[in-house]
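**Student:** Let me give you the structure first, and then I'll get to my questions.
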Amino acid sequence: MDTHQGSFDVIVIGGGAAGMMAAGQAARRKKRVLIIEKNRTFGEKLKLTGNGRCNITNAEFEPGAFLEHYGTGKEFLFSPFAQFGVKDSFSFFESIGLPLVVQAGSRVFPASERATDVVLALRKHLEKAGVECKTGCAVRRLVHQDRLVTGVETDVGVLCAKSFILATGGLSHPETGSTGDGFLWLKELGHSITHPAPSVVPLEVSDEWVKMLRGVSLPIMKITFFLDGKKQFSKAGTVLFTHFGLSGPLILNSASKVKDLLQNGQVTAQIDAFPDTDLGALDRNAVSVFDSNKNKTLKTVLKDIAPPGTSSGVQTLLADIDLDSKVHSISKEDRKRIVSLLKALPVTITGLMGYDRAVVSDGGVSLSEIDTRTMRSKLFSNLYIVGDLLNVSRSSGGFSLQLCWTTGYVAGNCA
Ligand SMILES: Cc1cc2nc3c(=O)[nH]c(=O)nc-3n(C[C@H](O)[C@H](O)[C@H](O)COP(=O)(O)OP(=O)(O)OC[C@H]3O[C@@H](n4cnc5c(N)ncnc54)[C@H](O)[C@@H]3O)c2cc1C
């Protein structure tokens, strides 16, 4: 027998970060709330975040500076963030038994560093607040009449409520349940949807040396991107080599600019593995390493001058030098070439990875069609739209989840 009968004050569709936040907040206001999730469990994507550690927000406490990370969404988000900002996230998670810690500058994680603990804490919060939960139940469409949503059609019939909060997420990692259903329904309701495209996403490259180094990361490096050989922009930080190309926070945050470049020509990059050391100093170091290992092969000694874990990849870029030669027989020119290579490792970017690898997909519902104070649709007065459904570009670093906590809270508070 279906226990979720009768009419609800609020139905939340989607049990991800934004949906759980919204449902809990609405129930705290003594509303009768039902949350519907098509997976058997809540927060499948949340469990993947921050490599399983969940970068839950960012410890930038100055609201203006925080909002700079949302591109043109900044102005729209001013009001929601005034209602629930970063400090409120700290207090909220503390209040539900999940203390947070600041790491690596400003990234914020649960103290346990387990994303599954975030899901667990939110689940308990929903229970405590009295939210009725329906999992393993897909919503098929929204039923509407006269600019009001009247119900949601599900496998177990139509469920009705006074208000609806749509939190079905974007399109990245569709295996977690985010398959873009909400975009289709909103389009049908007359909302304008900017076509979602992967934006915070790893880069695909054609270079074998990069793929050989899969699993290796370079913690301090600088990457410079070129369009048709002309320098475009540089970023410094950590790069992670993968079996398809390059990843890591710095790469993810470059993807959107690289996407634009790719539309205009050939995109290449150079990785400076020693950004804090100039060519002269690097060469002097090579001379000293070569001098103390005169009778060893270049292949062996390369391990001492290339960054840890990278020498096998670097070797493949030195195909015309005999790696089995003893170091004392390496010419000055070849030594200088090796050193220069370490300051400009060549990469050819072939594209961006797809939704399956994306952390964030750009696009979504136009912000001009949503009331900034309440997250309510301007077309349907009892429909609220939150989280990854919104067309807000953002950096990686906890900004996506903070958007979910903020918009989820505001919708839950107003619905
Ligand atoms: C690998 C990865 C790592 C990430 N790491 C971080 C990070 O560390 N920090 C950060 O800030 N952001 C991170 N993000 C982004 C962040 O995870 C998302 O912004 C956030 O989870 C979006 O939450 P949401 O509630 O809007 O949508 P989702 O989490 O996508 O939830 C939507 C839910 O709706 C359900 N649903 C969909 N359609 C239906 C339907 N028809 N009926 C019923 N239910 C439905 C889905 O099953 C899903 O559970 C990461 C993303 C990925 C993919």
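**Student:** Restricting attention to segment 103-128, report how many residues are within 14 Å of the ligand (Cβ to nearest atom), open to solvent by 30 Å² or more (accessible area, probe 1.4 Å) and of a type in the set (A, V, I, L, M, F, W, C).
**Tutor:** Result for segment 103-128: 1.
**Student:** Which of the residues belonging to segment 139-150 are touching a residue at least 40 places away in the same chain (Cβ under 8 Å) and out of contact with any helix residue (DSSP H, G or I) (no Cβ under 8 Å at 6 or more places or on another chain)?
**Tutor:** Scanning segment 139-150 gives His144, Arg147, Leu148, Val149.
**Student:** Here is a follow-up. So Leu67 clears everything in (1) more than 11 Å from the ligand (Cβ to nearest atom); (2) modelled with pLDDT of 95 or more; (3) surrounded by fewer than 16 Cβ atoms within 10 Å (Cβ to Cβ) except one condition, right? Which one?
**Tutor:** (3)
**Student:** Further question: Tell me which residues, restricted to segment 34-64, are open to solvent by 20 Å² or more (accessible area, probe 1.4 Å), hydrophobic (A, V, I, L, M, F, W, C) and near the ligand (Cβ under 7 Å from one of its atoms).
**Tutor:** Residue satisfying the conditions is Leu48 alone.
**Student:** Would it be correct to say that Thr179 is open to solvent by 10 Å² or more (accessible area, probe 1.4 Å) and within 13 Å of the ligand (Cβ to nearest atom)?
**Tutor:** yes
**Student:** Of the numbered conditions (1) away from the ligand (no atom under 12 Å from the Cβ); (2) under 18 Å from the mean Cα position of the chain (by Cα), Glu94 satisfies every one except a single condition; which is it?
**Tutor:** Only one criterion in (1) away from the ligand (no atom under 12 Å from the Cβ); (2) under 18 Å from the mean Cα position of the chain (by Cα) is unmet by Glu94, namely (2).
**Student:** Follow-up. Within segment 348-375, track down each residue that is within 10 Å of the ligand (Cβ to nearest atom) and open to solvent by less than 30 Å² (accessible area, probe 1.4 Å).
**Tutor:** Result: Ala358, Val360, Ser361, Gly364.
**Student:** So if I check each of Val131, Val139, which one is open to solvent by less than 30 Å² (accessible area, probe 1.4 Å), within 14 Å of the ligand (Cβ to nearest atom) and among the β-branched types (Val, Ile, Thr)?
**Tutor:** Testing whether each residue is open to solvent by less than 30 Å² (accessible area, probe 1.4 Å), within 14 Å of the ligand (Cβ to nearest atom) and among the β-branched types (Val, Ile, Thr) leaves just Val139.
**Student:** From the residues in segment 226-264 that are outside any strand (DSSP E or B) and among the basic types (Lys, Arg), which one is farthest from Leu203 (Cα to Cα)?
**Tutor:** Lys257
**Student:** Additional query: Hey, among Gly408, Gly397, which residue is within 16 Å of the ligand (Cβ to nearest atom), outside the structural domain of Gly248 (by TED's automatic domain parsing) and on the phi > 0 side of the Ramachandran plot?
**Tutor:** Matching residue, one of Gly408, Gly397: Gly397.
**Student:** Okay, next question. Report yes if some residue within segment 376-387 is crowded, with 23+ Cβ neighbours inside 10 Å, assigned to a loop (DSSP other than H, G, I, E, B) and under 20 Å from the mean Cα position of the chain (by Cα); otherwise report no.
**Tutor:** Within segment 376-387, one or more residues are crowded, with 23+ Cβ neighbours inside 10 Å, assigned to a loop (DSSP other than H, G, I, E, B) and under 20 Å from the mean Cα position of the chain (by Cα).
**Student:** With in contact with a helix residue (DSSP H, G or I) (Cβ under 9 Å, 6 or more places away or on another chain), free of Cβ contacts under 8 Å to residues at least 40 places away in the same chain and in the same structural domain as Leu126 (by TED's automatic domain parsing) as the only criterion, which of Ser91, Ser95 stands out?
**Tutor:** One residue alone meets the criteria, Ser95.
**Student:** State which residue pairs qualify: first residue closer than 29 Å to Arg32 by Cβ and inside segment 109-132, second residue away from the ligand (no atom under 13 Å from the Cβ) and not aliphatic (A, V, I, L, M) in any location, beta carbons under 6 Å apart, and separation of 6 or more residues or different chains.
**Tutor:** Here the result reads Ala121/Gly97; Ala129/Arg28; Glu132/His4, each pair linking segment 109-132 to a residue that is away from the ligand (no atom under 13 Å from the Cβ) and not aliphatic (A, V, I, L, M).
**Student:** Out of segment 388-415, which residues are in contact with a Phe, Trp or Tyr (Cβ under 6 Å, 6 or more places away or on another chain), small (Gly, Ala, Ser) and in a helix (DSSP H, G or I)?
**Tutor:** Across segment 388-415, the qualifying residue is only Ala411.
**Student:** If you go through segment 346-366 one residue at a time, do you hit one that is charged (D, E, K, R) and modelled with pLDDT of 95 or more?
**Tutor:** no
**Student:** Regarding Lys187, is this residue charged (D, E, K, R) and over 19 Å from Leu341 (Cβ atoms)?
**Tutor:** Yes; evaluated as a whole, the condition is true for this residue.
The values are calculated or read from the model by the stated rules, or taken from the named source; none is laboratory data. What you see is a predicted model, and the numbers here were worked out from it, not measured in a lab. All Cβ positions, even for glycine, are placed from backbone atoms using ideal geometry, and neighbour counts span all protein chains on display. Note: areas computed on protein heavy atoms with side chains; ligands, DNA, RNA excluded. Shrake-Rupley method; radii C 1.70, N 1.55, O 1.52, S 1.80 Å.
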